[in-house]
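The values are calculated or read from the model by the stated rules, or taken from the named source; none is laboratory data. If you're wondering where the values come from, they're calculated on a predicted model, not measured in any experiment. Note that each Cβ is placed from the backbone with ideal geometry, even for glycine, and that neighbours are counted across all protein chains shown.
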Amino acid sequence: MLHIHLPQRLALVLVVLGLSPAAGIAQQNSTNPYFEFLQARRLEGEGNSDGALAALQRAAAADPRSAEIKSEIAALYARRNPPARAETERFAKEALAIDENNVQANSTLGYLYAGSGAPRNATLTPEDVKSSILYLERAAAGTIGTDLQMQFTLGQMYLRDNQPQKAIQALARVVSQNPGFATGRQLLANAYVAAGDLKGAIGTLQEVVEYLPALAFDLGRYLEQDGQLKEAAAAYTVALSQQPNNRQLKLLRIAALYNAKEFTEAARYAGEARKQHPDDVNFPRLQARALFDGGDKSGAITVAESAAKAFPKDAQTQFVLVDLYQDAGRSADAEKLLRQMLANEPANPRVLNHLGYLLANRGDQLEEAITLVRKALDADPGRPEYLDSLGWAYFKRGEMNEAVKYLAQAADKLPANSEVQDHLGDAYAKRGSTQDAIAAWTKALNGDGQGIEKATIERKLQDAKKKLPSK
């Protein structure tokens with residue numbers, strides 16, 4: 001074994017740090033900046049931060065042109081608890097004034113501006129983000145190999161600076177060397193989403209979700225955004241295996257299955273959650289709707305009626321029951337419930353509009369329907385749903401100019417609402433404005449598809465086009 005005595009060890013270190021061994025040994029009996037540098041490292045390792053700082057200050061006084069010493073002082077200030085931001089910034093910038101490419105000074109400033117050591121609620125300014133990127137990029141350029149912490153921080157800063165492609169490059173380096181780093185994968189997926197690459201985000205999470213189930217929630221959200229609803233529900237099921245009492249995850253899974261038209265599964269999960277969380281009104285609402293759309297109308301109404309009794313002050317549950325009554329053809333029951341709600345809240349605009357629309361759609365008590373909806377509009381002027389109800393009531397009364405007046409306003413505010421566009425098309429057609437009717441019905445077909453029968457609108461369009469003069 002080769003034994004190196006202290007002077008020899010010191011000589012080797014001094015060569016690395018840029019001072020000749022002869023010069024270092026000649027200075028051992030005076031203030032030797034690099035000896036003090038090594039002393040500082042030892043003292044800090046022993047927990048004596050003040051002693052380390054004093055040694056570095058002696059070293060800096062002896063060699064004021066050393067970028068390494070000034071950068072070490074900056075790093076020591078940054079490592080303090082709490083970090084001394086002003087001193088860190090000062091000494092790091094003094095080091096860079098000597099050597100612009102000093103890796104430690106650049107990385108220290110980069111982490112400082114990225115918020116390292118700052119309180120969690122600290123806000124980074126756009127200038128902080130850009131400064132962090134500048135210094136970390138310089139540090140990365142001078143670093144041998146890949147510093148994963150540096151690349152991860154750069155990825156965060158690139159995302160904040162709206163540079164998703166650069167974020168992807170930095171974070172992909174992190175994930176490639178540490179594939180089980182869940183936070184890195186989450187951030188990489190975020191970068192893909194910011195870059196408009198939803199498939200990239202999904203792939204980043206899918207390949208590891210089996211052994212990193214903490215990523216399943218994010219995966220479910222991205223799958224939903226991509227229209228992969230059944231797959232999203234499966235991801236939420238994985239997430240629930242880790243958080244079995246998480247109500248939000250249960251709601252998301254049920255909603256994904258419902259929107260995928262998997263009504264039986266949605267109703268089953270909603271029923272299970274209803275038993276597990278009897279105080280949560282969301283689950284019986286969802287169960288009732290899923291049962292109804294799955295074909296079990298009586299079962300749906302039974303669940304909704306039970307929920308309405310259990311939560312008598314929850315207006316949304318009452319409205320769900322009203323809608324189920326209407327969809328089941330039980331208009332009288334819907335009206336009765338709405339009138340009960342109105343008796344409890346005579347000025348509630350939503351109840352006023354709902355009852356007014358029910359009467360209008362049924363085609364009777366049209367004076368009362370118009371009065372009710374006008375009261376709703378007085379309470380909430382310009383609400384497009386209420387404008388549609390009022391226009392539809394006038395349509396049913398045969399007053400097409402008034403109908404178009406209000407329906408056109410509603411359609412302008414809800415351009416993608418198929419039902420509103422269909423109502424407007426009907427009013428235009430009745431008034432004899434065939435071209436306008438065609439335009440409105442076309443919008444209805446291209447809209448959200450809710451509340452309409454596409455085949456019926458297509459027939460109306462064909463009939464209307466036949467009435468147009470031939471060219």
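List every residue pair whose Cβ atoms lie under 9 Å apart, where the two residues are 6 or more positions apart in sequence or sit on different chains, the first residue falls within the range 130-155 and is among the basic types (Lys, Arg), and the second residue, located anywhere, is at pLDDT 95 or above and surrounded by fewer than 18 Cβ atoms within 10 Å (Cβ to Cβ).
Listed by first residue and then by second, the contacts come to Lys130/Asp161; Arg138/Glu100; Arg138/Asn101.
Going through the range 445-471 one residue at a time, which ones are under 18 Å from Met400 (Cβ atoms) and among the aliphatic types (A, V, I, L, M)?
Ala464
Among what's in the range 144-168 and is surrounded by 15 or more Cβ atoms within 10 Å (Cβ to Cβ) and over 19 Å from the mean Cα position of the chain (by Cα), pick the residue that is farthest from Phe217 (Cα to Cα).
For the range 144-168, the residue satisfying everything is Asp147.
Mind counting the residues in the range 195-229 that are surrounded by fewer than 15 Cβ atoms within 10 Å (Cβ to Cβ) and assigned to a helix (DSSP H, G or I)?
3
Can you tell me which of (1) assigned to a helix (DSSP H, G or I); (2) closer than 22 Å to Met150 by Cβ is the one Leu56 doesn't meet?
Unmet condition: (2).
Check off (1) surrounded by fewer than 20 Cβ atoms within 10 Å (Cβ to Cβ); (2) assigned to a helix (DSSP H, G or I); (3) touching a residue at least 24 places away in the same chain (Cβ under 8 Å) for Glu127 and give me the number that stays unchecked.
The one condition Glu127 does not meet is (3).
Could you list, in sequence order, the residues of the range 84-109 that are under 33 Å from the mean Cα position of the chain (by Cα), buried (at least 18 other Cβ atoms within 10 Å of the Cβ) and free of Cβ contacts under 8 Å to residues at least 40 places away in the same chain?
Asn106, Thr108, Leu109
Being among the aliphatic types (A, V, I, L, M) and touching a Leu at 6+ places or on another chain (Cβ under 7 Å): is that true of Ala376 here?
Values: among the aliphatic types (A, V, I, L, M): yes; touching a Leu at 6+ places or on another chain (Cβ under 7 Å): yes.
Spelling it out, Ala376 is indeed among the aliphatic types (A, V, I, L, M) and touching a Leu at 6+ places or on another chain (Cβ under 7 Å).
Is it the case, given these coordinates, that Leu205 is modelled with pLDDT of 95 or more, of a type outside the set (S, T, N, Q) and under 21 Å from Leu229 (Cβ atoms)?
yes
When the residues of the range 325-338 are narrowed to those that are of a type in the set (A, V, I, L, M) and within 16 Å of Tyr357 (Cβ to Cβ), which ends up farthest from the chain's Cα centre (by Cα)? Please lay out each step first, then the result.
Going residue by residue through the range 325-338, those that are of a type in the set (A, V, I, L, M) are 328, 332, 334, 337-338.
Among the residues that remain, those that are also within 16 Å of Tyr357 (Cβ to Cβ) are: 332, 334, 337-338.
Numbers: Ala332: 43, Ala334: 37, Leu337: 38, Leu338: 37 Å.
Per the criteria, the residue is Ala332.
Suppose the filter is aromatic (Phe, Trp, Tyr) and in the same structural domain as Pro179 (by TED's automatic domain parsing); does Phe263 pass it?
No: the conditions fail for Phe263.
Could you look through the range 323-337, keep only residues that are of a type outside the set (Lys, Arg) and farther than 20 Å from Ala290 by Cα, and pick out the one that is surrounded by the fewest Cβ atoms within 10 Å (Cβ to Cβ)?
Across the range 323-337, the extreme among qualifying residues is Ala332.
Would it be correct to say that Arg173 is out of contact with any strand residue (DSSP E or B) (no Cβ under 9 Å at 6 or more places or on another chain), crowded, with 17+ Cβ neighbours inside 10 Å, basic (Lys, Arg) and more than 24 Å from Ser71 (Cβ to Cβ)?
Yes, satisfied.
What number of residues within the range 351-372 are more than 19 Å from Gln340 (Cβ to Cβ) and surrounded by 21 or more Cβ atoms within 10 Å (Cβ to Cβ)?
Number satisfying all stated conditions: 2.
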